[in-house]
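Below is one structure, written out as structure tokens; the observations come after it.
We did not get these values from a lab; they are worked out from the coordinates using the rules stated. Source: prediction; values computed, not measured. A quick note on method: Cβ atoms are made from the backbone with ideal geometry, for glycine too, and the neighbour counts reach across all protein chains shown.
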Amino acid sequence: MDADTPDQKRDAEIPYRSAAWLRKHVGHEIQWFAFAVAEFREGHRHEVPLQDSALMRARSLLEFFTNRRKDGIGDFYRAGVEKRMINPKDRWYKWICDRLAHLGPERETGQSHDQWPHAEPGVEKGPDRLRYLADHVFTTIKDRLPDLDAVYADVVREVTSVARSYVGSPSPGKWRALSATVVQQAEGW
């Protein structure tokens, strides 16, 4: 077996319930989710991989921030806040699972594959569909902030704010700012 790389050794030293862990791991998902959403263009040769990346990262973020798994944002709650699943009927999460993440009969619902959760029946997905998804994910994250210990809420708020800014008007400077926000933990933890 290969020896651990310096990055693997450093990562193993980051405690799970820490602001550094949130910044590195949750920040990484938010960063690349924002990239996929911001860079997505309908008809571009990378349309499908960017869309799939955005959807899978959205699923991971929604699972984490709604406590769908044993380990989730509830592990970072303030003392006295009940750890519970939030929004168990989340239509975006269900749609991603049924249509993308899992194989099975749920993929064939009788609806058009172009029927996305943000659109009314009969309205196709539209070129801005991932912007609707981003609004939903960022709102779900924002809704969890009051439940978090202040130090954790500050990290999540900072990363999400910079990510939202990048999605709203992507630029190389905003991408560098988002990257710096996520990786700043490497020197500061």
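Per-residue Karplus couplings for the stretch 25-39, computed as 6.51 cos²θ - 1.76 cosθ + 1.60 with θ equal to phi - 60°, are listed in order as 8, 5, x, 4, 5, 5, 4, 7, 5, 4, 4, 4, 5, 5, 8 Hz, Gly and Pro entered as x.
The string of couplings for the stretch 156-170 from the Karplus curve (6.51, -1.76, 1.60, θ = phi - 60°) is 5, 4, 5, 4, 5, 4, 5, 5, 4, 4, 5, 4, x, 7, x Hz, one whole number per residue in order, with x for Gly and Pro.
So what is the diffusion coefficient of the stretch 18-188 in µm² per second by Stokes-Einstein at 37 °C and 0.692 mPa s, using a Kirkwood Rh over Cα pairs? It diffuses with D of about 196 µm²/s by this estimate. Using the average count of surrounding beta-carbon atoms within 10 Å as a protection proxy, the listed peptides 25-31, 46-52, 79-85 rank, highest first, as 25-31, 46-52, 79-85. Backbone geometry of the stretch 120-130 corresponds, through the Karplus equation with coefficients 6.51, -1.76 and 1.60 at θ = phi - 60°, to 3J(HN,Hα) couplings of 5, x, x, 9, 6, 4, x, x, 9, 4, 6 Hz, x marking Gly and Pro. Extending 7 Å from the Cα toward the beta-carbon at both E82 and E47 defines two label points whose distance is 4.6 nm.
Residues whose amide H comes within less than 5 Å of that of L148, counting only those at least five positions distant or on another chain, are R78 (H built at 1.01 Å from N in the peptide plane). In this structure, L100 and D75 have a Cβ-Cβ separation that, at R0 = 22 Å, corresponds to a calculated FRET efficiency of about 0.25.
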